[in-house]
Amino acid sequence: GAGLGDLALRTSAGACVTALPGAIVLGLENAIGLAVVRDLGRHGVPVHGIARDCASIVIASRYCTDWTQRPTGPIADWLPGLIARTGARAVLAISETDLLQLSTLPAMIGDCHILVPRPQQLERVLDKMQTLQAATVAGLRVPQTWQPHADEDFAARAAQMRYPLVAKWSNPPEIMGLLERAGLEWIKTDYIRDAAQLLALLDRYAPIGRWPLIQQYCRGVGLGQMLYMAGGQATLRFQHRRLHEWPPEGGVSTLCRAEPVNAHGAQMALSEKLLQALDWEGQAMVEYRYEPDSGHYWLMEVNGRFWGSLPLALHCGADFAWEAYRRTVLRQTDPAPPARDNLRARYMVPETKRLVRILLAPGRID
């Protein structure tokens, strides 16, 4: 069939109009990919999806013009040929592993924009220690953090810590393969109540000589501030508050609400300042734990990819995928229209798991 670069559409009146240049989206397996495809498709961008199999949910979307089963091997081996065949002018991706591969490719392949961060910028946000250091310099409030190393006295350090604590890996994509080869389970977050639990956790990872970050536990609710950065300035902003998470003690958003545009203004300015310090281009979500009673915002991380609550932003009119496309492919520089701030979004499957945990197994909540 016709390539995405020269696809024609026919209006209800029968007039034939040329569509916008097409885009390739890697990752059709979840609600994030669906939101990206819907966002582009609703603006008239033909989307060619790359899916792992025919059961991928986004294939069923009316906005997925065509799709290809993902070839084996590195992306660099097969993407240039797919770009040539489809005539796509933009490539977007969902997962961090795909972003890492795409970041090593040229920013453009022919006339096609590879809409992912460059390796240096991506490394800064994937490595939580680098992010926290930049945030400290930028004036953000960061939790007390310890990165254990093999030459330290763990027992002495454990006796000095203030509990409870949270353990999470500084650079998850880097450590996952190492854990798998050692037969160790990937655990996104551990909660630690005392020195004995901390020493047991450190001992667990002694065989690989690598340990997660140990951070103070921060009270409050989850707050996400989302920005699209172009030329060092935010061109699109949106924010939400996490009402429910899975697991219940903290994790992915299962029920969230848009926050009023005039709320958290000073913190939004600090989020933009942090992304400027990180030399970030494109979309990112700066995640906080927010304590309403004290007014403190504790930085958790910078999410440098499309995030799980993207459907809320999309339905509110904060179109981050379209912002990336129109500013690079179409060279549009006019301001994005204001987004709504009165909607909620529910992620039904993990929200149901959360309800079951609270009602039937509250003792398992850390």
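The values are calculated or read from the model by the stated rules, or taken from the named source; none is laboratory data. None of the values given here were measured: they were computed from a predicted structure. FYI the Cβ positions are ideal-geometry reconstructions off the backbone, even for glycines, and counts take in every protein chain you see. Quick note on the areas: whole protein, heavy atoms, side chains included, nothing else; ligands and nucleic acids left out. Shrake-Rupley method; radii C 1.70, N 1.55, O 1.52, S 1.80 Å.
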What is the antiparallel percent of DSSP beta bridges lying wholly in the chain, to the nearest 5?
75
Read phi for every residue in the stretch 110-122 and hand back ³J(HN,Hα) as whole Hz from Karplus 6.51 cos²θ - 1.76 cosθ + 1.60, θ = phi - 60°, with x for Gly and Pro.
x, 9, 9, 8, 8, 8, 9, x, 6, x, 5, 5, 5
Which cross-chain or sequence-distant (5 or more) residues have an amide H under 5 Å from the amide H of residue 170, H modelled 1.01 Å from N in plane?
213
Karplus 3J(HN,Hα) series, Hz, for the stretch 212-227 with 6.51 cos²θ - 1.76 cosθ + 1.60 (x for Gly, Pro):
x, 5, 10, 10, 5, 6, 10, 6, x, 10, x, 10, x, 10, 10, 9
Could you state how much accessible area residue 153 has, in square angstrom rounded to the nearest 10, with a 1.4 Å probe and all protein chains kept in place?
100
Please list, in order along the stretch 127-137, the HN-Hα scalar couplings obtained from phi with the Karplus expression 6.51 cos²θ - 1.76 cosθ + 1.60 (θ = phi - 60°), rounded to whole Hz, x for Gly and Pro.
8, 4, 5, 5, 4, 5, 5, 5, 5, 4, 5
If every alpha-carbon in the stretch 105-210 counts as one equal scatterer, what log10 I(q)/I(0) does Debye give at q = 0.15 1/Å?
-0.79
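Can you work out the accessible area per residue across the stretch 96-209, with the rest of the protein chains kept in place, probe 1.4 Å, in square angstrom?
Accessible surface, normalised per residue, equals 52 Å².
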Between the modelled labels at residue 243 and residue 97 (7 Å from Cα along Cα→Cβ) the distance in nm is 3.4
When the Debye formula is applied to the Cα atoms of the stretch 131-187, each taken as the same point scatterer, what base-10 log of I(q)/I(0) results at q = 0.28 Å⁻¹?
-1.13
Rounded to whole angstroms and listed largest first, the alpha-carbon spread of the stretch 26-144 along its three principal axes comes to 47, 28, 27
Using Cα atoms only, what is the angle between the long axis of helix 31-42 and the major principal axis of the chain, expressed in degrees (0 to 90) to the nearest 10?
30
Helix 172-181 versus the longest principal axis of the chain: what angle, 0 to 90°, nearest 10, using Cα atoms?
70
Which lysines have a Cα less than 28 Å from the Cα of residue 353, not counting those fewer than 8 places away in the same chain?
168, 188
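Hey, could you grab the Kirkwood Rh for the stretch 247-366? Inverse mean 1/r over distinct alpha carbon pairs, Å, one decimal.
Result for the stretch 247-366, one decimal place: 16.6 Å.
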Residue 67 accessible area, assembled protein chains, probe 1.4 Å, Å²
80
Find the accessible area per residue for the stretch 287-354; the probe is 1.4 Å, ligands and nucleic acids are left out, and the unit is Å².
47
With all protein chains present and a 1.4 Å probe, how do 169, 298 order by accessible area, largest first?
298, 169
How far apart, in nanometres, would the label points at residue 346 and residue 163 be if each is projected 7 angstrom from Cα along the Cα-to-Cβ direction?
3.8
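Once you charge only the Cβ atoms, +1 for Lys and Arg and -1 for Asp and Glu, what is the size of the charge dipole of the stretch 78-161 about its Cα centre, to the nearest 20 debye? Before the final figure, lay out the partial values.
Numbers: 7 positive and 8 negative charges, 75 e Å.
Charge dipole of the stretch 78-161: 360 debye, to the nearest 20.
Quantify how much of the Cα-Cα distance distribution of the chain extends past 32 Å, in percent.
On the way: 23972 of 66795 pairs.
Cα-Cα pairs of the chain separated by over 32 Å account for 36 percent.
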Cα pair distances of the stretch 111-161 binned at 5 Å [whole percent]
4, 15, 17, 15, 16, 14, 8, 5, 3, 2, 1, 0
Residue 252's amide H: which non-local residues (gap 5+, or another chain) put their own amide H closer than 5 Å, with H modeled 1.01 Å from N in plane and none for Pro or chain starts?
246
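So what's the net charge close to residue 257: Lys and Arg +1, Asp and Glu -1, counting the other residues with Cβ under 15 Å from its Cβ? Working shown, then result.
Working: positive: 241, 242, 340, 344, 346; negative: 245, 259, 341, 351.
Its environment carries a net charge of +1.
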